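Student: Could you have a look at this structure, given as structure tokens, before my questions?
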Amino acid sequence: MIQGALFSAVQLSKTTQRGGGERDMYRALGYVYSRALLPLVANVDWNAAQTIDKFLGLEEPKSSKRETKSKVFAAFAQVYS
């Protein structure tokens with residue numbers, strides 16, 4: 001599941017189209033994977049869970065999409081290092 005969430009974060013960082021098509025598919029995949037992992041992450045690090053929720057939630061963050069990959073990877077690393 002972690003690998004699926006990270007893969008979605010990478011794809012969201014790479015795709016340029018906002019809305020529709022591939023971007024929506026990767027947003028949905030990231031959302032599903034993150035929902036399964038968030039309770040586990042939150043038990044260890046609430047801030048990391050909030051970061052993952054922000055970048056893989058249903059609403060796309062207003063910050064740069066290029067941050068998605070690095071922020072999600074860093075949040076998981078805080079918990080599982």
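The values are calculated or read from the model by the stated rules, or taken from the named source; none is laboratory data. Model, not experiment: these values are computed from the prediction. We place every Cβ from the backbone using ideal geometry, glycine too, and count neighbours over all the protein chains shown. To get the accessible areas, we keep the full protein, side chains included, count just its heavy atoms, and leave off ligands, DNA and RNA. Shrake-Rupley method; radii C 1.70, N 1.55, O 1.52, S 1.80 Å.
Student: Rank ASP45, ASP24 by accessible area, highest first, at a 1.4 Å probe radius?
Tutor: The ordering from most to least exposed comes out as ASP24, ASP45.
Student: Okay, moving on. Please compute the Kirkwood hydrodynamic radius of the range 31-72 from all pairs of different C-alpha atoms, in Å with one decimal.
Tutor: Kirkwood hydrodynamic radius for the range 31-72: 10.4 Å.
Student: Can you compute the helix-only [θ] at 222 nm over the chain? Use -39500 (n - 2.57) per DSSP H run of at least 4 residues, normalise by all residues, nearest 500 deg cm²/dmol.
Tutor: Rounded to the nearest 500, the figure is -25000 deg cm²/dmol.
Student: What distance in nm lies between label points placed 7 Å from Cα along the C-beta direction at LYS65 and TYR80?
Tutor: 2.5
Student: A further question on this structure: How large is the Rg to Rh ratio of the chain when both quantities use alpha carbon positions and Rh follows Kirkwood?
Tutor: Ratio of gyration radius to Kirkwood radius for the chain: 0.94.
Student: Also: Give the carbon-plus-sulfur fraction of the accessible surface of the chain in %, rounded to a whole number; probe 1.4 Å, heavy atoms of protein chains only. Mind dumping the intermediate values first?
Tutor: On the way: 2710 of 4900 Å².
Here it works out to 55 percent.
Student: Taking the Cα centre as origin and putting +1 on Lys and Arg beta-carbons and -1 on Asp and Glu beta-carbons, what dipole magnitude results for the chain, to the nearest 20 debye?
Tutor: That gives a dipole near 260 debye.
Student: When the solvent-accessible surface of protein heavy atoms is calculated with a 1.4 angstrom probe, in what order do ILE2, ILE52 fall, highest first?
Tutor: Accessible-area ranking of ILE2, ILE52, largest first: ILE2, ILE52.
Student: To continue, here is another question. For the range 1-77, which GluC sites (Glu not before Pro) are both in a DSSP coil and crowded by at most 12 other Cβ atoms within 10 Å?
Tutor: For GluC sites (Glu not before Pro) across the range 1-77 that sit outside H, G, I, E and B with at most 12 neighbouring Cβ atoms in 10 Å, the list reads GLU59.
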